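To start, the structure under review is shown below, and the notes come after it.
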Amino acid sequence: MKLLFRGSETYDAALIELARRGDADLERVEPDVRAILAHVRRDGDDALRVLTERFEQRTVDRLVWDRASIEQGAAALDPAVRTRLEEAAARIRRYHEHQREPGFRYEEDGISLGLRVRPVRAAGVYAPGGKARYPSSVLMAAVPAAVAGVPRIVLATPRPTPEILAAAAIAGVTELVDAGGAQAIAALAYGTASVGRVDKIVGPGNLYVACAKRLVFGVVDIDGIAGPSEILVVADDGADPVVVAADLLSQAEHDEDAYALLVTLSEAQARAVAEEVERQLARLPRRAVAERSIRDHGMAFVVGSLDEAGRVADLLAAEHLSLQVRDPEALLANIGAAGAAFLGDHTPEAAGDYAAGPSHVLPTGGAARFSSPLGVWDFLVRTSLISYSAEAIERQADLLESLARLEGLEAHARAVSVRRRRA
């Protein structure tokens, strides 16, 4: 883990580089992804089968699983494991029920105004099937869609396991597509003979999936472009290095490209955490992955004050922000950008990954500056409602006509004038 000190050139350079970490190299894979999207758009199911055989060296017998098939496959799971998934899902559901939007209506001078809120007709959830499988991610993406009232929730994932199938059944998934990669995104976006197109695609994936989501945006909506997982721990001198190191490694073990970042107030604390990271690394089953992450992306910033710690945290806009300081609420008040904030040293980031309640599908790469965690709001569309009475259009006609003519749009003005009362 690299140590960087406030005031040094390396400190400022590292912050600048980290602030740009979300600039993913999608252009490198874009030609291949465009070819995959075009293939699926043209040849549908045949393309999905061909591409799956090419990229995964397997033949797909059943591209789409219905609800009954999902439940049947989930039956192979140990009942005790299913109970744990159900417990997590119940907590996730309760949290997201607070995010419901009822819409509104009100009257003003004979004008009825309002907002109608409804769920999208169909949502696609992507779950990776490569280095690791995360049934928790299925819960975290599909449960908010179900709470929003989405009638059709399609999970795309290759080689579904009993754990994934159980999570899908519990979360309310209505059908499953046995496909991964950019080709799965294409099927969800464009539709095939077997796969009905969706309105929104959510969920993380590799570089090809991220590029595909960006390219189909506009045909469908997406939640965002996901990058490597990341955690930023702010620790004062009262924080326990053992706990801080454990939290850093909980992200480092995700992926070699994950970011494990520390901001602390003293060199002694930074070195204590770095030493503890090395001790805990030796006992990790995924040591090789975590070690590479720490070596390439592990950094400890030594700052002079909590104010500076807050400035660094706000600049980096981390996916996971852990505040292991004496007054985490006070520090959080000075940090605007974070995907999820974990307050106090009794709150592990792992709780957010599994069962605290909020979705763990979070903005990465600094996107918390302008983006939010996945939630019910991602699956809702809103319609403005406007209704004028005869008296209201008469009262407002002069205003509307003058503004239309100010912009040189006479037909707009006349669309108002023809509605005015005649003597």
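Since every read-out is calculated from the coordinates, none of them should be taken as a lab result. Keep in mind that this is a model prediction, so the values were computed, not measured. Every residue, glycine as well, gets a Cβ built from its backbone with ideal geometry; the counts of neighbours run over all protein chains shown.
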Study note, to complete from the structure: Connecting every pair of Cα atoms under 10 Å apart in the chain and solving the GNM, the largest mean-square fluctuation among Asp12, Asp257, Asp223 falls on Asp12
Point to revise | Net length gained if the chain between Asp12 and Val381 were fully extended (0.36 nm per residue, minus Cα distance) | key: 128.6 nm
Exercise for review: Considering only Leu249, Leu15, Leu232, give the residue with the highest GNM mean-square fluctuation for the chain, with springs between Cα atoms whenever their separation is below 10 Å.
Suggested key: Leu15
Point to revise | Between the range 193-249 and the range 326-359, the Cα center-to-center distance that results, in Å | key: 17
Point to revise | Charge context of Ser194, other residues only, Cβ under 13 angstrom, K/R +1, D/E -1 | key: -4
Review point. What is the set of long-range amide H partners of Gly124 at a cut-off below 5 Å, with H atoms built 1.01 Å from backbone N?
Key: Val154, Asp199, Lys200, Ile201, Val202
Study note, to complete from the structure: Note, the range 362-372: 3J(HN,Hα) by Karplus (6.51, -1.76, 1.60, θ = phi - 60°), whole Hz, Gly/Pro = x, goes 10, x, 10, x, x, 5, 5, 4, 9, 10, 10
Study note, to complete from the structure: Taking placed amide H atoms and a strict 5 Å upper bound, the residues 5 or more places from Val263 or on another chain that come that close are Val233, Val234, Ala235, Phe301
Check your understanding: Taking Cα atoms of the chain, Rg/Rh with Kirkwood Rh, to two decimals?
Key -> 1.06
Practice item. Please report the Cα spread of the range 1-133 along all three principal axes, rounded to whole Å, starting with the longest. Key: 64, 58, 44
Review point. Alpha carbon centre of the range 92-116 versus the range 32-72: separation in Å?
Key: 40
Check your understanding: Tell me, what HN-Hα J-couplings in whole Hz come from the Karplus equation 6.51 cos²θ - 1.76 cosθ + 1.60 at θ = phi - 60° for each residue of the range 176-184, using x for Gly and Pro?
Key -> 10, 10, 7, 7, x, x, 4, 5, 5
Check your understanding: Most fluctuating residue of Val273, Val120, Val50 in a GNM of the chain with Cα springs under 10 Å: which is it?
Key -> Val50
Review point. Which ³J(HN,Hα) values in Hz, rounded to whole numbers, follow from the phi angles of the range 384-400 under the Karplus curve 6.51 cos²θ - 1.76 cosθ + 1.60, where θ = phi - 60° and Gly and Pro get x?
Key: 6, 10, 9, 9, 9, 7, 4, 5, 5, 5, 5, 5, 9, 4, 4, 4, 5
Review point. Mind listing P(r) for the range 85-188? All alpha-carbon pairs, 5 Å bins, whole percents.
Key: 2, 13, 21, 19, 15, 10, 7, 4, 4, 3, 2, 1, 0
